[in-house]
Each structure stands twice: as C-alpha cells, then as structure tokens.
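Just below is one structure, and these are the notes that go with it.
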Amino acid sequence: MIAPLHTIVDSRLRAAAEKALQGERLAAADGLALYECEDNSLLSSLATCSRRQINGDKVFYNRNFHIEPTNICVNHCVFCSYRRRPGEAGSWEYSIDDIRDICRTYVEQPVTEVHIVGGVHPARDIYFYASLLQAVKQLLPQASIKAFTAVEIDYMAQQAGWTYEKSLSLLKEHGLEAMPGGGAEIFDETVRRQLCPDKTGADAWLRIHETAHRLGIRSNATMLFGHIEEPAHRISHLLRLRELQDKTGGFDAFIPLKYKSQHNRLGVPGEVSTEEVLRNFAVCRLMLDNIPHLKAYWPMLGKDVMQRALSFGADDIDGTIGDSTKIYSMAGAAEQHPSLTVKELENYVTAAGYRAVERNTFYEPVKR
Ligand code: V47
Ligand code: SF4
C-alpha cells in the first residue's frame, strides 16, 4: 500500500514516484532522487508494483552448481579476495580431468545449469576452454552451460588474435549457451581505474555482451556496489545497461553484487548497511525497466537479506549451488559453504508471500 503521493515533501522524489507508478521510464535525476530517499517502505512499494507488472507473484530459482576452473589471474582488481599468483598458497588450476570428476558427482542429480567463472589464467587459451565446455556437456547433456565473464572472453580473444564474434562462435559450437554477468563492476572510468586498472574496460565489456546477444547467447549483467562509488556512478552504470538492452534485448537478469570487504587490498572499512542494499535493489528494479529479472544472489547477501530483497523488486534467488563457489566466502561472506535444498529455497519464497517457480537458464518453468 503506497502512501498518497502528495504527502511526499521532496518534489524530485514525488515526480520520480509518480513516473514509476505510471510505468514511465525514469531519468537519471529520478534515480538520484530515489537513492536519496530514506523511506525504504516507499521504495519497497514502488519496486513491488513494478516487479508485479513484470513477474506477477513469481520468484524463480534453479538447480545449479558452479565450477571455478582457477583462481590464478593476470588481473589485479583491488577488491578481489580470490585471485592468487601461479604456485601461491591457496591457488588452484583444475585440469579438464578434474572438471570431469566434479561433473561426475552431479550426474545423478537433476541440475539444469552449470555456472562456470574463474580467474584469467595466463597460460590457458580458447581451445582449453572449448574442450572444457565439451567435457561438461558430454557428462551433463541435460544441463545448460552459463560460462565465462566478458573479462575471460576478452582475454581468450586477444590471445588468439580473434574477433569477439569468432571467439564466441567457437565457444557456442562447443556448448556455451549463456554468459554470467560478472566483470561489469562499475563502468565509470575514474572509479574503474581505481578498482581494476588492468581489466577489460566498460566499452569492451558492453561490446562483448552485444556480440553475444547477436549470436543468440543470452547473458546477465552485474554491478559491484558499496565501495568507493557514488550514487551517480551507479545510475550511469544502470543507464548504459538499459541502453544496450533497448538495442539487443539479450539480458535476462541483473544482479547487484554487494562489495564484501575481507582479505583484499581495497581498504574500504566495513560494508554498506542492509537498508542500503535493499534501497539499491529497489532503484535497480525501477531504473532497469527493460531487464526482466532482478536476482538476489544469496551466497553473497546471506539468506535473510535475500528474502527481504523479495520485497524490494527481486524475483530471482539463484539456485541450490551445492557448496561449489568460493568467490564470496573468500571475501568474508557469512555463507562459508553455500548450499540450499529446493525445499529450503521454496520456503524462503512462500514465507515472503510469493510463488516459487523452478526455472531453467532461460527462465522457462521446469516441469518434473
Ligand atoms: O565480477 C569479486 C564480484 C563477480 C568481490 O550471472 C566481488 O548469475 C563482492 O559473475 N565483493 C563474479 N563481489 C561473480 C559473477 C556472478 C555472481 C553471481 C551470479 C552471476 C550470474 C554472476 O564477483 C566479479 C566481481 O564483481 N566480486 N570480488 C568482493 N570482494
Ligand atoms: Fe581476476 Fe576476477 Fe579477481 Fe579481477 S575479480 S583479479 S579479473 S579473478
């Protein structure tokens, strides 16, 4: 239930709320007014109206697991708690046989998606990753493969001397069906230079996703928030994604990733509050009117905040995970061994007043 709009004193906020309720596209100034709003119940109501128009009472989840082929990486992102140098304690680099062994443990399970993301290994080329895809597909033919951030693709293409189109086409031929949204961080160049000076830039990140969409590879997008960025940087990030989505329609989901502060060199003390995380969910839902799904990624948020995010526009809670990812636990997330059963995922959804729907990678309902 939304309070009468004339009771909103701030005229910029009132204008933004009116536009949101009428389903009008929000401008940058509207987004900034929403970020300044301290009334989270208003933001919750606006985001809920919007999510109901897009997704009704559905909240999606899937049966998935992650493969993180290596944490050795040529880049030096200062927020990263995961990267190691070759041979350093705590580093790993799985061979294709190691990856086959991981997949064999899921052969009897009804997983529908394998999520593959890792560091940018200096000595692995596109043919290695093509063989990796083929090996996964051979053992788990019923599962879709969502693999490689634009940062990993960029390195594969550069090393091969190929275009993004040729690189993505080869990966698609070997089983790549969708791409995860990582590596986007914050597109603003001044912030990006401080966070991840040697990583794929914003223009290339967007070009790679645009190329993937053209080739029929659907993808997600992320935004790393809660570090050194200002609200204006978040808004310009969202607007660049919205602009690309207008052009291609190829993004399925957007995932706001809260910066986790432990064991990295960024040196930002503490993390943003839960209220700020929820406010950000609502603003993302309202600004990104053309990306259908907003994901509350529970291994990073924690299960309670994931559930609260359902009242701030989120309609996707990712999946079962099966304790298969280390990116967030290494950065200090409360979930040190993230794993949920289908029953548990469904209970979080129904307790929040929504209807749980098992989906495949492409948000089609799974019938069992
Ligand atoms: O790009 C790294 C983030 C991302 C930290 O598409 C950190 O469904 C917070 O791609 N604090 C990779 N975040 C993860 C990723 C992803 C995750 C969940 C779902 C999907 C999807 C994709 O992890 C990186 C970076 O933004 N990250 N370190 C940190 N300290
Ligand atoms: Fe490498 Fe990714 Fe860590 Fe950056 S965030 S250092 S690209 S593993």
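The values are calculated or read from the model by the stated rules, or taken from the named source; none is laboratory data. Please read these numbers as outputs of a predicted model, since none were measured by experiment. Neighbour counts are summed over all protein chains in view; Cβ atoms, including those assigned to glycine, are modelled from backbone coordinates with ideal geometry. For accessibility, only protein heavy atoms count, side chains too; no ligands or nucleic acids. Shrake-Rupley method; radii C 1.70, N 1.55, O 1.52, S 1.80 Å.
Key figures for this structure:
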item: Along each principal axis, Cα extent of the chain, largest first, Å; result: 63, 48, 38
item: Surface per residue (accessible, 1.4 Å probe) for region 26-172, Å²; result: 39
item: Surface share of carbon and sulfur [accessible, 1.4 angstrom probe, percent] for region 58-358; result: 49
item: Ranked order, E243, E230, E346 - accessible area, probe 1.4 Å, largest first; result: E243, E230, E346
item: Listed residue pairs exceeding 29 Å between alpha carbons, taken from K172/K303; K258/K367; K295/K343; K137/K260; K137/K303; result: K172/K303; K258/K367; K137/K260; K137/K303
item: Packing rank of 44-53, 279-288, where each peptide gets the mean count of other beta carbons within 10 Å, highest leading; result: 279-288, 44-53
item: Region 80-190: Rg to Rh, with Rh as the Kirkwood radius over Cα pairs; result: 0.97
item: Neighbourhood net charge (9 Å Cβ-Cβ; Lys/Arg +1, Asp/Glu -1) for N220; result: +2
item: Cα-based helix-to-principal-axis angle, 164-173 vs the chain, degrees rounded to 10; result: 70
item: Separation of the Y127 and E210 label points, Cα + 7 Å toward Cβ, nm; result: 3.2
item: Neighbour net charge for D125 - beta-carbon separation under 14 angstrom, K R +1, D E -1; result: -1
